[in-house]
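Student: Okay, handing you the structure first.
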Amino acid sequence: MTTLSELTLQQIIDNLPDAIIVVAESGEIRLANSKARALSPGLKTHATWESAGLLFNTDPQVLQQWMALLRSAQSAYFNIGLSGWHLESKSILMGAEHCIQITGVESSKEPKQSILDKQTARISRSNKLLEITNELSYLLEEELVLEKALQLINEPVAAEEGLILLTDQVTGEFVVRVEIREGQQPILTEKPTGIWPNQGLAGWVLRTRQAVLVPDTEQDRRWIKHGSAKTQTGPLVLRRSVLAAPLEFGHEPIGVLMLSSPIPQRFSNDDLSLVREATGLISNALYNAHLYDLIRNQGARLGGMLREEQVNAAKNQSILESIADGVLVVDQEGEMILANDAFIEIFEKPRWEIVGHHVRSMGEIVEPSGENWFNAVQEWSVNEPSGRAGETVEDTIVLKTSDRMVRVNLAPVFAGGQFFGTVSIFRDITREIEADLAKTSFVSLVSHELRTPLTSIRGYTDLMLMGAAGELPDAVTKYIKIIQTNAKRLHELVGDILLITQFDGGDMPLTVAPTDIQNVIDEVISNHLKNRINVENRDIKLSVEGSKELPEVMADRGRIVQVLTNLVDNALNYTRDGGKITVTARSTNEAVFVSVRDTGIGITAEEIDRVFDRFYRSEDNQVRKIAGTGLGLSIAKTFVDMHGGNLTVSSEYGVGSTFTFRLPLVEESS
């Protein structure tokens, strides 16, 4: 007994030439094909079987025979109007319901036996198609579908040889995929045929998409002959009669099914009908197999992608948790979606109070010290940032709950131009700040303590050189001058260190006012640089260039004097006798530029980026011969930066260096 769905059975009976009606045991008409509806236009599904009998004939005897078919599987022959009908019933399982299939054939001229024979053949063909449908419905691989289909079709036809030819997707050549010989099982293969879609009977079937019965290949010009049976190289051994039908995939021809026999007139029209209808079922099965293969491949690919995604997620999670700094990820809606263990430890809040909550819940912890970060991350959740490279926010937060100092860096996350949220990196800098404060305090204390004995040393050496202790021998005078020089160097070093500690502690206020920069240049050149050149008896040419009427700048005069003093001292220290120092000043609409150029030893390209670092001194022997602390340029740059300007350097080793600082002009009141 065969079990079929209504949809499958309806598709089968619609392709059959007989009038077919399917009736449930309850007497309800379940299915009817177009042939049955054409004979009885009033025929409707879900109507009673009796009403169907009345539509065909009202003769009580005919109705009695008609109704008897419901009781048992039998055949009946009777007249309906002017037509002779042979009716036969057969039990089937449709879904889970036992039904009766009624088939009939109209004939008014043929004898009863002829009608019975034809009807028997048609019923046999229908049963075979049902069997093919049932068998192929369970197969989901293309090779198995082709192999089983050729076997099932060849059983009722009993051809001596059968082939399924598919076109190669690259070359287009016909390739034998499955072949079967008389009395053998089908064999899967990959044999090229040397025949193309524009050649032979197979090519004609593929192009026209028509099934064909060739009674004798000797009489058909479409058949390609390849010599005798011993030298045959074509797809089929030399045959006389052939059945061929096209195979389609998605309404596109993909190949040909061919059955052959060495006997002329071997096949009938019924065989052709069976092959034609069966190839339609095979095409559907191939399509289903392709869909299954596609779904399986897609499933495997998606499964692989999912596994890869899971592995990457695990790796990213491991990397995230291994980061010593706290990491907080906020999506574009402002919801905190990820926080690592370091973040939880810094803020001392359980993860469930962080992840899944809006970032505004962090306000009670970070405000008011972290207001810049807090406002930025909320603002970006409402108005997306511009996406410019380097668009970040830095802030320092003092936690209310633990008095920790935390430095935070906030950056937006973009992918393909789309804003996905923000990432914040938190670093606990409490110990660093405490260490810096302790260091600054210690250095400041030591520096102040050093100043007292240094002041005494310098004072007494000055008195001794002035004759307060009487006339001194030349050797003693020489030693006292050495003590005086080194005490002065040590005093300057202490002063520089105190300035550095003031910078780091933020205890370096500026008294900014309109300042005559030309007056500052004149003072430094006349009162300091010229005096050093004379005292040290140096052979250095000095030149002042540029405008004499410079606009006023906004500056702390004392600090700018110190900046220029450091620069000219640096130029004098590293310029040999016979060299030249040039001070140049010029102005623009926005700032004044002051340059100090020397013809000294210069700076190498490798070291020029480090000249403003604290305590940095070159390893060059010419530099090491000259006393210095490595703080002068660093202090000068810090003072210029505090004024809103900048200090730059250009140099060529062995030729000289040029240091230039810029200061903003006094803004005119509107």
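The values are calculated or read from the model by the stated rules, or taken from the named source; none is laboratory data. Source: prediction; values computed, not measured. We place every Cβ from the backbone using ideal geometry, glycine too, and count neighbours over all the protein chains shown. Remember, those area values only see protein heavy atoms, side chains included, never the ligands or the DNA or RNA. Shrake-Rupley method; radii C 1.70, N 1.55, O 1.52, S 1.80 Å.
Student: I'm trying to understand the selection: among the residues of segment 491-515, which are over 17 Å from residue 638 (Cα atoms) and either modelled with pLDDT under 75 or open to solvent by 70 Å² or more (accessible area, probe 1.4 Å) (or both)? Explain how you work it out, then say what you get.
Tutor: Filtering segment 491-515 down to residues over 17 Å from residue 638 (Cα atoms) leaves 491-492, 494, 513-515.
Passing the criteria: 491, 492, 494, 514.
Student: Any residue in segment 150-171 that is free of Cβ contacts under 8 Å to residues at least 40 places away in the same chain sitting within a Cβ distance under 9 Å of a residue that is open to solvent by less than 20 Å² (accessible area, probe 1.4 Å) and outside any strand (DSSP E or B)? List the pairs, counting only those 6 or more apart or interchain.
Tutor: Close Cβ pairs satisfying both conditions: 151/186.
Student: Does residue 149 qualify as being assigned to a loop (DSSP other than H, G, I, E, B), modelled with pLDDT under 90 and open to solvent by less than 10 Å² (accessible area, probe 1.4 Å)?
Tutor: Numbers: assigned to a loop (DSSP other than H, G, I, E, B): no; modelled with pLDDT under 90: yes; open to solvent by less than 10 Å² (accessible area, probe 1.4 Å): yes.
For residue 149, the condition - assigned to a loop (DSSP other than H, G, I, E, B), modelled with pLDDT under 90 and open to solvent by less than 10 Å² (accessible area, probe 1.4 Å) - is not met.
Student: Tell me, please, whether a residue that is within 30 Å of residue 210 (Cα to Cα) and in contact (Cβ under 8 Å) with a residue 40 or more places away in the chain can be found in segment 316-330.
Tutor: The initial filter retains those residues of segment 316-330 that are within 30 Å of residue 210 (Cα to Cα), namely none.
No; the residues of segment 316-330 include none that is within 30 Å of residue 210 (Cα to Cα) and in contact (Cβ under 8 Å) with a residue 40 or more places away in the chain.
Student: Go over the candidates 662, 617, 586, 597 one by one and state the one that is modelled with pLDDT under 85 and charged (D, E, K, R).
Tutor: Working: 662 fails: modelled with pLDDT under 85; 586 fails: modelled with pLDDT under 85; 597 fails: modelled with pLDDT under 85.
Exactly one of 662, 617, 586, 597 is modelled with pLDDT under 85 and charged (D, E, K, R), namely 617.
Student: Does residue 565 qualify as being among the β-branched types (Val, Ile, Thr) and open to solvent by 20 Å² or more (accessible area, probe 1.4 Å)? Full working, then the answer.
Tutor: Details: among the β-branched types (Val, Ile, Thr): yes; open to solvent by 20 Å² or more (accessible area, probe 1.4 Å): yes.
Considered against the rule, which asks whether it is among the β-branched types (Val, Ile, Thr) and open to solvent by 20 Å² or more (accessible area, probe 1.4 Å), residue 565 comes out as yes.
Student: Tell me which residues, restricted to segment 318-346, are among the aliphatic types (A, V, I, L, M), open to solvent by less than 70 Å² (accessible area, probe 1.4 Å) and not in a strand (DSSP E or B). Walk me through how you get there before you give the answer.
Tutor: First pass over segment 318-346, keeping only residues among the aliphatic types (A, V, I, L, M): 319-320, 323-324, 327-330, 336-339, 342, 344, 346.
The next check asks that each one be open to solvent by less than 70 Å² (accessible area, probe 1.4 Å); those that pass are 320, 323, 327-330, 336, 338-339, 342, 344, 346.
Those that are among the aliphatic types (A, V, I, L, M), open to solvent by less than 70 Å² (accessible area, probe 1.4 Å) and not in a strand (DSSP E or B): 320, 323, 342, 344, 346.
Student: Suppose we keep only residues that are modelled with pLDDT under 75 and small (Gly, Ala, Ser) within segment 41-66. Which one would you say is surrounded by the fewest Cβ atoms within 10 Å (Cβ to Cβ)?
Tutor: Only one residue tops the list, namely 51.
Student: Looking at segment 154-170, which of its residues are farther than 21 Å from residue 196 by Cβ and modelled with pLDDT of 85 or more? Reasoning before the result, please.
Tutor: Here is the first cut: in segment 154-170, the ones farther than 21 Å from residue 196 by Cβ are 154-162.
Residues satisfying the conditions are 159, 160, 161, 162.
Student: Right, another one. Kindly indicate whether residue 365 is in contact with a helix residue (DSSP H, G or I) (Cβ under 9 Å, 6 or more places away or on another chain) and either under 20 Å from residue 422 (Cβ atoms) or open to solvent by less than 80 Å² (accessible area, probe 1.4 Å) (or both). Break it down stepwise before answering.
Tutor: Values: in contact with a helix residue (DSSP H, G or I) (Cβ under 9 Å, 6 or more places away or on another chain): yes; either under 20 Å from residue 422 (Cβ atoms) or open to solvent by less than 80 Å² (accessible area, probe 1.4 Å) (or both): yes.
When the stated conditions are applied, residue 365 passes them.
Student: Here is a follow-up. Select, from 549, 545, the only residue that is within 15 Å of residue 660 (Cα to Cα), out of contact with any Leu (no Cβ under 7 Å at 6 or more places or on another chain) and open to solvent by 60 Å² or more (accessible area, probe 1.4 Å). Spell out the reasoning first.
Tutor: Details: 549 fails: within 15 Å of residue 660 (Cα to Cα).
When all the criteria are applied, what remains is 545.
Student: While we're here: May I ask you to verify whether residue 373 is open to solvent by 40 Å² or more (accessible area, probe 1.4 Å) and either in contact with a Ser or Thr (Cβ under 6 Å, 6 or more places away or on another chain) or aromatic (Phe, Trp, Tyr) (or both)? Even if it seems obvious, please write down each step before you answer.
Tutor: Values: open to solvent by 40 Å² or more (accessible area, probe 1.4 Å): no; either in contact with a Ser or Thr (Cβ under 6 Å, 6 or more places away or on another chain) or aromatic (Phe, Trp, Tyr) (or both): yes.
No; evaluated as a whole, the condition is false for this residue.
Student: Another question about this same structure. Quick one: count up the residues across segment 169-202 that are open to solvent by 60 Å² or more (accessible area, probe 1.4 Å) and in a loop (DSSP other than H, G, I, E, B). Break it down stepwise before answering.
Tutor: Taking segment 169-202 as the starting set, the residues that turn out to be open to solvent by 60 Å² or more (accessible area, probe 1.4 Å) are 169-171, 181-185, 187-188, 190-192, 196, 198-199.
Going one step further and asking which of them are in a loop (DSSP other than H, G, I, E, B), we end up with 169-171, 182-185, 196, 198-199.
The number of residues fulfilling the criteria is 10.
Table: residues versus (1) touching a Leu at 6+ places or on another chain (Cβ under 7 Å); (2) modelled with pLDDT under 80; (3) surrounded by 13 or more Cβ atoms within 10 Å (Cβ to Cβ).
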site	(1), (2), (3)
450	no, yes, yes
456	no, no, no
461	no, no, yes
478	no, no, no
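Student: Condition check: surrounded by fewer than 17 Cβ atoms within 10 Å (Cβ to Cβ) and modelled with pLDDT under 60. Does residue 137 satisfy that? Before you say what the answer is, go through the steps one by one.
Tutor: Working: surrounded by fewer than 17 Cβ atoms within 10 Å (Cβ to Cβ): yes; modelled with pLDDT under 60: no.
When the stated conditions are applied, residue 137 does not pass them.
Student: Please go through segment 269-299 and pick out each residue that is within 27 Å of residue 183 (Cα to Cα), in contact with a Leu (Cβ under 8 Å, 6 or more places away or on another chain) and among the polar types (S, T, N, Q).
Tutor: Taking segment 269-299 as the starting set, the residues that turn out to be within 27 Å of residue 183 (Cα to Cα) are 269-283, 285-286.
Among the residues that remain, those that are also in contact with a Leu (Cβ under 8 Å, 6 or more places away or on another chain) are: 269, 271-272, 274-275, 277-279, 281-283, 285-286.
Answer for segment 269-299, where residues must be within 27 Å of residue 183 (Cα to Cα), in contact with a Leu (Cβ under 8 Å, 6 or more places away or on another chain) and among the polar types (S, T, N, Q): 269, 279, 283.
Conditions (1) within 18 Å of residue 650 (Cβ to Cβ); (2) under 56 Å from the mean Cα position of the chain (by Cα), marked per residue:
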position: 554; (1), (2): no, yes
position: 578; (1), (2): no, no
position: 581; (1), (2): yes, no
position: 601; (1), (2): yes, yes
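Student: Ok, one more. Restricting segment 649-665 to residues that are aromatic (Phe, Trp, Tyr) and in contact (Cβ under 8 Å) with a residue 60 or more places away in the chain, which is surrounded by the fewest Cβ atoms within 10 Å (Cβ to Cβ)? Spell out the reasoning first.
Tutor: Of segment 649-665, the ones aromatic (Phe, Trp, Tyr) are 653, 659, 661.
Among the residues that remain, those that are also in contact (Cβ under 8 Å) with a residue 60 or more places away in the chain are: 659, 661.
Numbers: 659: 26, 661: 24.
Here the residue is 661.
Student: How do the pairs read when you match residues in segment 532-556 that are more than 13 Å from residue 579 (Cα to Cα) and in contact (Cβ under 8 Å) with a residue 40 or more places away in the chain with residues anywhere that are open to solvent by 60 Å² or more (accessible area, probe 1.4 Å) and basic (Lys, Arg), using Cβ under 7 Å and keeping only pairs 6 or more apart or on different chains?
Tutor: Taking only residues 6 or more apart or on different chains, the pairs are 546/586; 547/586.
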